[in-house]
Amino acid sequence: MIGQRAEVKALEALDTDACVRLAQELVRIPSVTGEERAVQDHVASVMSAAGLEVERFDADLARLKQHPRFPGMEVERTEAVLVAATTGPRGDRSLILNGHVDVVPVGDGQHWQASPWSGHVHAGRLYGRGAADMKAGLAVGIAAASALRKSGIPLRGRLVVHSVVGEEDGGVGTFAMLDRGYRADAAIILEPTGLRLIPAQAGALSFRLRIPGRAAHASVRYEGVSAIDKFELVQARLRQLERSLNASPHELFRRYPIPYALSIGRLRAGSWSAMVPDDLRCEGRVGVPIGMSSGDVRGQFEAAVADAAVKDSWLSEHPPLVEWYGGQFNAAEASPDLPAFQALREAHGQEFGVPPEMDGAPYGSDMRLYIHEAEIPAILYGPGDIRQAHSANESIAVSEIVQAARVLTGAAARYLAA
């Protein structure tokens, strides 16, 4: 009963219009990975104006890179600006709401119907890079913390909002936040889950692969060895590996045709059209199944490449090279029945009349850093559709932002009320 009364007071204090405006403001500040200082300055200002206890700091990147479990980066950066806001006393309960401000590049601007940084609302949807992934989610977290403080309800513990950078290429921001000593009983990552509760996420490992060949004039191509032809042999073996990794998916992943995908994202071969290519280089990612370590998947990947090579006379003497680089996302899982997540499920039920749908995430996120680095149970829950993430004309329904703000505010009040 105490939690329900607190939830009512917190919801009365929630300003959903201000939450949507904040989401628009954040979208309008460009913050491609590595260039987040301006948006973090704004986040810190908004948090301070809301009366929250704010810490803004620059991570010591040089020191963090030396950590044996540094999560990696695909984009070289000179700085990592982090912001944390807290409300409530130190007590017997605590909860983290996590959101990242970095976004992927906009791509070809001609594919956008308006500026990628417009933050405009049309037909009930907010548009712009980062609208779904995941500036609206961060705005929801800030609005929930602001509502708890404004409501004046007595709290038995602290609510902490983490505004982080570098999630898109490895998670350096959350890694730095945990290194700073921020801890809680549980964490909710406000990724765009369509307001589904996701207690399990697959991992994802970035790799580079180099295939050697032998150059020759195209008119006598039989005198050379095409690196493209040899890549096809390796690719066929990697497809077998993908099928093996997906043979027995976790129950929350069975709706996905390929829960743990192995995909080549970039490929470059040869240097001249009339020349047999003597070198092929590609980059991609391989999924990590729930319950399997990243080390196991790396080992299976390298073994598959070696297996393809040993069966070919050229590759057996000129073996392909595998390199692991950038973001290395472990798989992770948490119990959805823990008290903090039960409070979220109850608040969702209060808002919608039914409990949230459970799902698995076939992509990596900062969830795994809370679980593996800090032993903090974490789940994904937030507004937006992951299919909008990284796309041209990225958008999110304004109504879903409002609903998410109500659910997260209610959940935090239920869990933390004295």
| Filtered residue count, the stretch 22-71, keeping only those that are among the basic types (K, R) and more than 23 Å from E373 (Cα to Cα) | 2
| request: May I ask you to list the residues in the stretch 64-99 that are closer than 30 Å to A413 by Cα and in contact with a His (Cβ under 9 Å, 6 or more places away or on another chain)? | output: L82, V83, A84, A85, I96, L97, N98, G99
| message | Checking the conditions here, which among M47, M73 is crowded, with 18+ Cβ neighbours inside 10 Å and assigned to a loop (DSSP other than H, G, I, E, B)? | response | M73
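Which fully enclosed strands (runs of 3 or more DSSP E) of the stretch 125-195 have 3 or more residues being in contact with a His (Cβ under 8 Å, 6 or more places away or on another chain) and over 28 Å from K65 (Cβ atoms)? It would help to see each step written out before you state the result.
On the way: elements: 125-127, 157-164, 186-189.
Strands (runs of 3 or more DSSP E) meeting the threshold: none at all.
Provide a single number: the residues in the stretch 108-159 that are among the β-branched types (V, I, T) and surrounded by 24 or more Cβ atoms within 10 Å (Cβ to Cβ).
2
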| task | Can you give me the number of residues within the stretch 389-400 that are touching a strand residue (DSSP E or B) at 6+ places or on another chain (Cβ under 7 Å) and of a type in the set (A, V, I, L, M)? | result | 3
| Count - residues of the stretch 293-318 that are open to solvent by 40 Å² or more (accessible area, probe 1.4 Å), in contact with a strand residue (DSSP E or B) (Cβ under 8 Å, 6 or more places away or on another chain) and touching a residue at least 24 places away in the same chain (Cβ under 8 Å) | 2
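What number of residues within the stretch 226-255 satisfy the criterion of being touching a Phe, Trp or Tyr at 6+ places or on another chain (Cβ under 6 Å) and open to solvent by 20 Å² or more (accessible area, probe 1.4 Å)? Can you show your working first?
Just the residues of the stretch 226-255 that are touching a Phe, Trp or Tyr at 6+ places or on another chain (Cβ under 6 Å), to begin with: 245-246.
Of the ones still in play, those that are also open to solvent by 20 Å² or more (accessible area, probe 1.4 Å) are 246.
Looking only at that region, the number is 1.
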| field | Residue pairs meeting the criteria (Cβ under 6 Å; at least 6 apart or on separate chains; first hydrophobic (A, V, I, L, M, F, W, C), in the stretch 396-418; second open to solvent by 40 Å² or more (accessible area, probe 1.4 Å) and in a helix (DSSP H, G or I)) | value | V407/E351; A417/I2
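Looking only at strands (runs of 3 or more DSSP E) that lie completely in the stretch 240-339, which have at least 1 residues being over 30 Å from A215 (Cβ atoms)? Outline the logic, then answer.
Details: elements: 262-269, 279-288, 321-329.
Counting at least 1 such residues, we get 279-288, 321-329.
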| message | Being open to solvent by 70 Å² or more (accessible area, probe 1.4 Å) and outside any helix (DSSP H, G or I) is the filter here; which residues of the stretch 50-70 pass it? | response | E53, R56, D58, D60, Q66, P68, R69
| task | Give the residues of the stretch 256-269 that are touching a Leu at 6+ places or on another chain (Cβ under 8 Å) and buried (at least 18 other Cβ atoms within 10 Å of the Cβ), sorted by residue number. | result | Y260, L262
| request: Return only the number of the condition from (1) out of contact with any strand residue (DSSP E or B) (no Cβ under 7 Å at 6 or more places or on another chain); (2) more than 29 Å from A10 (Cα to Cα); (3) of a type outside the set (F, W, Y) that E351 does not satisfy. | output: (2)
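For the stretch 357-388, name all the residues that are in a loop (DSSP other than H, G, I, E, B), touching a strand residue (DSSP E or B) at 6+ places or on another chain (Cβ under 9 Å) and open to solvent by 10 Å² or more (accessible area, probe 1.4 Å). I'd like the intermediate steps shown before the answer.
Initially, the stretch 357-388 is screened for residues in a loop (DSSP other than H, G, I, E, B), giving 357, 362-366, 375-377, 381-385.
Among the residues that remain, those that are also touching a strand residue (DSSP E or B) at 6+ places or on another chain (Cβ under 9 Å) are: 357, 362-366, 376-377, 381-385.
If the condition is that a residue be in a loop (DSSP other than H, G, I, E, B), touching a strand residue (DSSP E or B) at 6+ places or on another chain (Cβ under 9 Å) and open to solvent by 10 Å² or more (accessible area, probe 1.4 Å), then E357, P362, Y363, G364, P377, D385 are the ones that fit.
Being over 30 Å from N98 (Cα atoms) and part of a helix (DSSP H, G or I), is that true of even one residue in the stretch 201-219? Before the answer, list the steps.
Of the residues in the stretch 201-219, the ones over 30 Å from N98 (Cα atoms) are 208-219.
The next check asks that each one be part of a helix (DSSP H, G or I); those that pass are 218-219.
So far as the stretch 201-219 goes, yes, one or more of its residues are over 30 Å from N98 (Cα atoms) and part of a helix (DSSP H, G or I).
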| said: Among the residues in the stretch 223-232, are any touching a Pro at 6+ places or on another chain (Cβ under 6 Å) and assigned to a strand (DSSP E or B)? | reply: no
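The values are calculated or read from the model by the stated rules, or taken from the named source; none is laboratory data. Remember, it's a predicted structure, so these values are computed and weren't measured experimentally. A quick note on method: Cβ atoms are made from the backbone with ideal geometry, for glycine too, and the neighbour counts reach across all protein chains shown. Heavy atoms of the whole protein, side chains included, go into the accessibility calculation; ligands, DNA and RNA do not. Shrake-Rupley method; radii C 1.70, N 1.55, O 1.52, S 1.80 Å.
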